[in-house]
Amino acid sequence: PQVFGEIATLLRAEHGDDVLAHRLTEAVNELLKDNPIVLIEGLRGTAERDVFVESWNDKFLVVAVTASKVLRFERVQSRARSEDGDLSDLEKRDAREAGGGLDVIISEADITFPNESNLHELESSVTAWLNTL
């Protein structure tokens, strides 16, 4: 996570906060030719969101999946990956992403799914919502 975050930060610093979204838009347009829904995982900032809204207007929806910091840290630790670090690493990552506007993206999401329980409950909630589209 740290390496990907650093690379994304460097790209944004050099080419603008929306660089990754611009690079992704053409690939998503190709996927939309054969798929009714394309999921873009990892939206990190308002500049990226703005590119996608400009590209797809009201067909673009922001979906936030939230969990408490404590639960997120427990889940990260259960993966037992050396690169995940400790609680301070998670807090640094959260601060870096909030600086790019992730906190605004989450607060302004079109729909939010709390993920405080188990995967089955999250899948049920998301599936029920997808069936309404």
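Structure data summary
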quantity: Proximal charge balance of Glu6 [Cβ under 14 Å; K/R count +1, D/E count -1]; calculated: +1
quantity: 14 Å cut-off, amide nitrogen to a point 7 angstrom out along Leu130 Cα→Cβ, residues in the stretch 25-62; calculated: 35-41
quantity: Calculated [θ] (222 nm, deg cm²/dmol) that DSSP helices of n ≥ 4 give over the chain, each run adding -39,500 (n - 2.57); calculated: -18500 deg cm²/dmol
quantity: Correct option for P(r) over Cα pairs in 10 Å bins from 0, in percent [calculated from the coordinates] among [x] 10, 36, 37, 16, 0; [y] 10, 27, 19, 13, 9, 8, 7, 5, 1, 0; [z] 12, 46, 38, 4; calculated: [x]
quantity: Hits among lysines - C-alpha to C-alpha of Lys33 under 19 Å, sequence gap 8 or more where chains match; calculated: Lys59
quantity: Cβ charges +1 (Lys, Arg) and -1 (Asp, Glu), total dipole of the stretch 1-100, debye; calculated: 280
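Computed from the coordinates by the stated procedures, all read-outs in this text should not be read as laboratory data. Because the structure is predicted, anything quoted here is derived from the model rather than measured. Positions of Cβ are generated from backbone atoms using ideal geometry, with glycine treated the same way; all protein chains shown enter the neighbour counts.
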